[in-house]
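Have a look at the structure below before the remarks.
The values are calculated or read from the model by the stated rules, or taken from the named source; none is laboratory data. The shown structure was predicted, so the numbers you read here are calculated from the model rather than taken from an experiment. Backbone-built Cβ (ideal geometry, glycine too); neighbour counts: all protein chains shown. Heads up: the accessible areas ignore ligands, DNA and RNA and are worked out on the full protein's heavy atoms, side chains in. Shrake-Rupley method; radii C 1.70, N 1.55, O 1.52, S 1.80 Å.
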Amino acid sequence: MNTPNPSHYLLLFRHPQNAPEPTPAEMERIFGQWMNWMKSMKARGQFVDANRLDDAGAVLRPLPGATVSDGPFVEAKEVVGGYVIVTAGSLAEAIEIGRGCPGIALGSTIVEVRPVEPLPSL
């Protein structure tokens, strides 16, 4: 069994599927807030990696009713829109980092914080 890497945490961002689209000006302002947040994490040595997830994709379901459905939507009212991997000394510290997510203050993002458990060498 792998020992979890206590220093890396995944911040997974979920957004409502039916949220209204922001105007281009609002989007630019929101994007700026996200970039400032990530730059501040980088300056503190907490930022590891981040990516936005494209809306294209598929959901694979196991047998017996194995199916493939379009989109990254797993029968939920939220869609995973992206992630950030951070370095933190504990789950509590990673949660505090996650609280700084601009989407929380805007009411548009749910942040799931999870420890990253590395896979064994292949």
Could you tell me the calculated FRET efficiency between Thr23 and Ser121, based on Cβ-Cβ distance and R0 = 41 angstrom, to the nearest 0.05? 0.30
Area of Phe31 that stays accessible when all protein chains are in place (1.4 Å probe, Å², to 10): 130 Å²
Assuming R0 = 25 Å, can you tell me the calculated FRET efficiency for the pair Ala58 and His15, based on Cβ-Cβ distance, to the nearest 0.05? 0.85
Show the residues, 5+ positions off or on another chain, whose built amide H is closer than 5 Å to the amide H of Gly82. Phe13, Leu53
Heavy-atom accessible area order for Thr109, Thr23, Thr87, largest first, 1.4 Å probe: Thr23, Thr87, Thr109
